[in-house]
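Worksheet: the structure to be examined is printed underneath.
No lab work stands behind these numbers, since they all come straight from the coordinates. This one's a predicted model, so the numbers in the text were calculated from it and none came from an experiment. Virtual Cβ from ideal backbone geometry, glycine too; neighbours counted across all protein chains shown.
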Amino acid sequence: MERLVYIAVDGVIFASWLFLVSLGLTFIYGVLRVLNVAHGSLYALGAYMGSSLVLLFLRAGYPTALSYLVLLGAALLIGLTVGPFLERVFLRRIYLKEEVLVLLLTFAISLMLEDVIKLVWGVEPYLVNAPYLALGQVKVAGVAYAVYPFLLTGIAVAAGTLVWATMARTRFGRLVVSVIEDREISAASGVNVPLVFTFAFTLGAILAALGGAFTAPMISVVPGVAVEVIVLAFAVAAIGGLGSIEGAAIGALLVGLLRAAAVHLAPELDLLAIYAVMALVLLVRPYGLFGRAEVRRI
Amino acid sequence: MLPALAGLLLLAVVAPALPGWTIFLLSMAFAKALVVLGLVLLLRGGLVSFGHGMYYAAGAYAVGFAMKLLGIREALLLSAMGLAAGALLASVLGLLLARHRGLFFAMLNLAFSMILYAILLKFYWVTGGTDGMGVRQATFAGLLPSVAFLRLAYFYLTLGIAVVAFSLAHRVAGSPTGYLIRAARDNEVRVAYMGASVPQTIYRTYVLSGALGGLGGSLSALNVGHIVPELSYWTQSGEFVFVALLGGYGHVLGPLAGSIVFELVRNYAYKFSPYTWQLSLGAILLVIILFLPGGLWSLFERAVRWRTRWAFSSRPRI
Amino acid sequence: MGVLLETANLTKYFGLVKAADDLTVRVQDGELVGIVGPNGSGKTTFLNLITGYVPPTRGSIRYRGRDITGLPPQTVTALGIARSFQIPQLYTGLTVLENMLVALATRAGRSRDFWRPLRDNRRTEEAVQILGQFGFKDEIGQAVASLAEGERKLLDVALSFALKPTLLLLDEPTSGVSAKDKFEVMDTLVGVLKGTGVTTAFVEHDIDVVRRYAERMLVFEEGKVIADGAPEILLADPAMKGVILGTG
């Protein structure tokens, strides 16, 4: 019985992390119809920038309590600079071309960013755990859990709600929705589609970097993190249906709980559990749980 | 095709006069060209796999296990086992993958290749983990070449197999299946309305592609003498994609051209600055995508066309 | 001789829109049927339903006595029903000749071949001959992407025709084709179709074409067949003519 509680808690924690890292990816796909393979690199940039800035911040003597704002700042910094740059300079040239080429483009960008990160931050691991340790521990069902992951859960929920609210409530959000529904009609109605694209990509980049920045205190940041994340993020987004935020949430929950169960019951299978779920879901529903097939009119 | 074959024949003749490291480089170029050829067959169908490293690894580890567990040392047999390993893996994964296109196809391949990577790492007591597995010298029709001739022996083996493979691929490209996969890229609806099956065509091409990947992997393993899980890592797959685009996929010889250029350039670039290798790769890939989607081969075609005013019907459409 | 194609209560909803309303139609072996009606009256949907591109909400389709409801286009085509499209569906990366060769290879059941070449003498000969019937001579080596609109339409029809179907469905075969070529091509096409006993149904907006070639005419309006008879008789009624032309 206790095990179920642990699985549930672990599952929700992992699910919220998965949701946070896949939110940006699925959102960008929804608006731009682009699968941003460089999403993992943006996550890594957020992690590295977050770690460096917190390191500098703490060494300068500022209180740990404010380091969370620094992490947020790092994410915004990366998202607001790298995001628009990539979109304007590279993506813009390739929107109308074949899907495969767009994919290759973002793939090329991810290769480049991988080395940029190595050049700027080197290959030694970054271990900046102060923000993680500062929150201490809490007892859940008799077992000590670190508090920090729950903060991550909160951030994930906040991010998801923010994106959803922006789309549903604000005027700009509704413009974005109209572009998602039908790009051509929106443009014909006077919507500034290129601006919407830049905005959407930037928001996605911020979310990616946010995931990286706030994960950094929990892990040892090394060059390999980018690819782990893009594969996982894709798996979750694909399960839920690319472009669907609710789908990503449900996909994240599904994978999170299953993986937690695997970790507790059959540890050897934890990595395989995620991909097994993805393979199974896609076998039955090739476009994911909430995805839509686009049928050609003839 | 004929000039290319002549060129390869010439290469075979002069090989004994070339330095050892050049022979090795060329062997690796040919071996990897086979994997890239597999990719190109799919690219002609509009499908890009970001996970072909898994077939490369499958072929390599097949050699490793065949040597270690079964004691097989015959080079040709080992290559055949690599091919079979690739084909087998592809025939299983293809069942799921042939239903997908575009980015799903690309990313699912990536995901599976990373799973294989994880498995190869995790089960270290079988695979050797990060240390990898060693590959002893192979025999050629029972004969064990002396160290002096080993490089050359592997070279001729790889060259020979490559020539056969590329010739067969050229044949397949000119067959109904070869044309249908290009047709499927253009218009899946029309293919169905001709009574042919797109998923089946893709599946068959995918299995062939996996077989080529495994073949390339086994030849690589024999040449290098060492097998590691990184063969299935995404950056390896990325290199294959890069070479496919570099060489161009309008003609089956594109991968060969691209692979040779790549290996030669890489050899120098890596020595120059290992930390900017991926950067250069990505940058060049970017340039190719934006300005020269047909790859090096399209440059060659343009030159020929300019000289003879031919119409090439097999130009890839981007 | 008998009923080749039969639909019963065929209905299709796209959301709330009723694109096909209880269609019960019989097509006899060897008939040449014209399908007319204003835009959006469900003509193309009818073809999509028969060939399995969209599944019906209700109703059934029988071909040669066999229930083909819900079968996908690939199977329906293999059974002997070929179809051409309103917007030509071609292999844009291949040449005109290659498009035709693929059609012929598939017809011969050779789509699985990976050893034998696509271009063999007999196949190429037939391809050139069929393309010639549709007015393609020197352009057969050209990439499809460089063809004019009318030529693309003709190629699309040629491909479907080349499949030697038992039932040929054409969706606006002459739209986009110049007035000069229209009748020339239709004359040839209909001549061959009648000569080989192929049952044909074609959607048409050009009244002259329908009047000249169709023996029977189905008038569509809002998803229903509102009239079924000889073209001259139906067209003599001004109200009916108005509906067909979309002016009434």
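Right, C:Val190: of a type in the set (A, V, I, L, M, F, W, C), touching a residue at least 24 places away in the same chain (Cβ under 8 Å) and touching a Ser or Thr at 6+ places or on another chain (Cβ under 9 Å) or not?
Numbers: of a type in the set (A, V, I, L, M, F, W, C): yes; touching a residue at least 24 places away in the same chain (Cβ under 8 Å): yes; touching a Ser or Thr at 6+ places or on another chain (Cβ under 9 Å): yes.
Criteria met by C:Val190.
Mind listing just one residue for me: the one in region C:115-141 that is assigned to a loop (DSSP other than H, G, I, E, B), out of contact with any Gly (no Cβ under 7 Å at 6 or more places or on another chain) and facing chain B (nearest Cβ under 10 Å) and, of those, nearest to C:Val185 (Cα to Cα)? Please lay out each step first, then the result.
Let us first name the residues in region C:115-141 that are assigned to a loop (DSSP other than H, G, I, E, B), namely C:115-120, C:134-137.
Then keep just the ones that are out of contact with any Gly (no Cβ under 7 Å at 6 or more places or on another chain); that gives C:115-116, C:119-120, C:134-137.
Next, only the ones that are facing chain B (nearest Cβ under 10 Å) stay: C:115-116, C:119.
Details: C:Trp115: 36, C:Arg116: 33, C:Arg119: 26 Å.
The selected residue is C:Arg119.
Of all residues in region C:143-176, which are among the acidic types (Asp, Glu) and part of a helix (DSSP H, G or I)?
Start the filter on region C:143-176 by keeping residues that are among the acidic types (Asp, Glu), which leaves C:149, C:151, C:156, C:171-172.
Correct list: C:Glu149, C:Glu151, C:Asp156.
Of all residues in region A:131-146, those that are assigned to a loop (DSSP other than H, G, I, E, B) have Cβ atoms under 9 Å from Cβ atoms of residues that are loosely packed, with under 12 Cβ neighbours inside 10 Å, 6 or more apart or on another chain, in A:Ala141/A:Glu2; A:Gly142/A:Glu2. Note on region B:265-290: among residues that are within 7 Å of chain A (Cβ to nearest Cβ) and among the small types (Gly, Ala, Ser), the one that is farthest from the chain's Cα centre (by Cα) is B:Ala283.
Before we move on, is C:Pro88 touching a residue at least 24 places away in the same chain (Cβ under 8 Å), of a type outside the set (Val, Ile, Thr) and in contact with a helix residue (DSSP H, G or I) (Cβ under 8 Å, 6 or more places away or on another chain)? Please lay out each step first, then the result.
Details: touching a residue at least 24 places away in the same chain (Cβ under 8 Å): yes; of a type outside the set (Val, Ile, Thr): yes; in contact with a helix residue (DSSP H, G or I) (Cβ under 8 Å, 6 or more places away or on another chain): yes.
Judged against the criteria, C:Pro88 is a match.
Before we move on, is B:Gly134 surrounded by fewer than 20 Cβ atoms within 10 Å (Cβ to Cβ) and under 21 Å from the mean Cα position of the chain (by Cα)? No; evaluated as a whole, the condition is false for this residue.
Each residue in region A:110-126 was checked for being surrounded by 15 or more Cβ atoms within 10 Å (Cβ to Cβ) and either in contact with a helix residue (DSSP H, G or I) (Cβ under 6 Å, 6 or more places away or on another chain) or more than 7 Å from chain B (Cβ to nearest Cβ) (or both), and 10 pass. The one condition from (1) within 12 Å of another protein chain (Cβ to nearest Cβ); (2) more than 17 Å from B:Leu212 (Cα to Cα); (3) surrounded by 20 or more Cβ atoms within 10 Å (Cβ to Cβ) that B:Gly248 does not meet is (1). From the list B:Ser146, B:Ser175, the lone residue that is without any contact (Cβ under 8 Å) to a residue 12 or more places away in the chain and away from chain C (no Cβ under 14 Å) is B:Ser146.
Going residue by residue through region B:104-117, is there one that turns out to be more than 13 Å from chain A (Cβ to nearest Cβ) and either in contact (Cβ under 8 Å) with a residue 60 or more places away in the chain or touching a helix residue (DSSP H, G or I) at 6+ places or on another chain (Cβ under 7 Å) (or both)? Spell out the reasoning first.
Taking region B:104-117 first, the residues more than 13 Å from chain A (Cβ to nearest Cβ) are none.
No; the residues of region B:104-117 include none that is more than 13 Å from chain A (Cβ to nearest Cβ) and either in contact (Cβ under 8 Å) with a residue 60 or more places away in the chain or touching a helix residue (DSSP H, G or I) at 6+ places or on another chain (Cβ under 7 Å) (or both).
Quick check on region C:79-109: of everything there that is more than 9 Å from every other protein chain (Cβ to nearest Cβ) and assigned to a helix (DSSP H, G or I), which residue is surrounded by the fewest Cβ atoms within 10 Å (Cβ to Cβ)? The extreme case among them is C:Leu104.
One residue stands out among those in region B:189-199 that are touching a residue at least 12 places away in the same chain (Cβ under 8 Å) and more than 7 Å from every other protein chain (Cβ to nearest Cβ): the one that is nearest to C:Ser160 (Cα to Cα), which is B:Val198. Suppose we filter region A:217-251 for residues that are small (Gly, Ala, Ser), more than 13 Å from chain B (Cβ to nearest Cβ) and more than 29 Å from A:Thr64 (Cβ to Cβ); how many remain? Qualifying residue count, region A:217-251: 6.
The residues of region B:219-244 include none that are among the hydroxyl-bearing types (Ser, Thr, Tyr), surrounded by fewer than 24 Cβ atoms within 10 Å (Cβ to Cβ) and more than 14 Å from chain A (Cβ to nearest Cβ).
Test C:Val76 against the stated conditions and say whether it is among the hydrophobic types (A, V, I, L, M, F, W, C), facing chain B (nearest Cβ under 9 Å), in a helix (DSSP H, G or I) and closer than 20 Å to C:Gly197 by Cα. Criteria met by C:Val76.
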